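Student: What follows is a structure written as structure tokens; I'll ask about it next.
Every number in this text was worked out from the coordinates using simple rules, so none of it is lab data. It should be emphasised that the depicted structure is a prediction, and the values quoted were computed from it without experimental measurement. No Cβ is skipped: glycine too gets one built from the backbone with ideal geometry, and neighbour counts run over all protein chains shown.
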Amino acid sequence: MSARADVLLWAQRVLGRKGATSWQILEIPAGSGADVAQEAFHKIARFAHPDLLRRTLPPDELELVTTAYARAAAAYQELRGGGRVSTTRMKPIRDAINPASPVATTTVIPTSPSSNRAVPADVPANPTQMMNGKALIYYRKAELALRRGELTAAVLQLKMAIASDPGSVFLRSALGEVEAEVSKKP
């Protein structure tokens, strides 16, 4: 079988597993540790990373593989222990949630120690539940860029997240915060 056929079969298999556990998505035994998950994910990345396939697959097949790869990356992240990322400008989604109340009235996203703004009341209590997977990946990339101090890269990632999930008030608010920081820089 060709490499193209292998990667497409893998992608269809991953996407066909609705409600599958992270172990099933990575195709490893249940209860396996982080090291086994890492090995499995790296194996997947070597043959199915979308950047490796951009020039060889047509757009519809590339989208299928990209979606499956995103699920595998999320499964790996979950098995690694969640990989909480914190920034000084944007509070990670999990920290922005008030776990005591089912519906939050406001969520504060600190952009700097001296400035806080509130997200409007119509933002759901858990923005990750209302954000699609693709938007969440871009949001996480924006967090990483902010942690490195790359404001323009963070703006780009947030714009990509908004393009993936245009109705997200949370993402638009986060973008506004980062753009405000960018405008303060000379």
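Student: Which FRET efficiency value, to the nearest 0.05, is calculated for GLN24 and ASP60 with the Förster distance at 25 angstrom and r the Cβ-Cβ distance?
Tutor: Taking R0 as 25 Å, the efficiency between GLN24 and ASP60 is 0.50.
Student: Let me ask you something else. LEU57's amide H: which non-local residues (gap 5+, or another chain) put their own amide H closer than 5 Å, with H modeled 1.01 Å from N in plane and none for Pro or chain starts?
Tutor: none
Student: Turning to a different aspect of this structure: Take the Cα gyration tensor of the stretch 1-48, multiply each eigenvalue by 5, square-root it, and list the three semi-axes largest first, rounded to whole angstrom. Intermediate values should be presented prior to the final figure.
Tutor: Numbers: eigenvalues 78, 41, 8 Å².
The three semi-axes for the stretch 1-48 are 20, 14, 6 Å.
Student: Using Stokes-Einstein with the Kirkwood hydrodynamic radius over Cα pairs, what translational diffusion coefficient do you get for the stretch 3-79 at 10 °C and a viscosity of 1.306 mPa s, in µm²/s rounded to a whole number?
Tutor: 128 µm²/s
Student: Then there's this: Starting from the stretch 27-74, pick out the trypsin sites (Lys or Arg not before Pro) whose DSSP state is loop and whose Cβ has at most 14 other Cβ atoms within 10 Å.
Tutor: Within the stretch 27-74, the qualifying trypsin sites (Lys or Arg not before Pro) (loop, at most 14 other Cβ atoms within 10 Å) are ARG54, ARG55.
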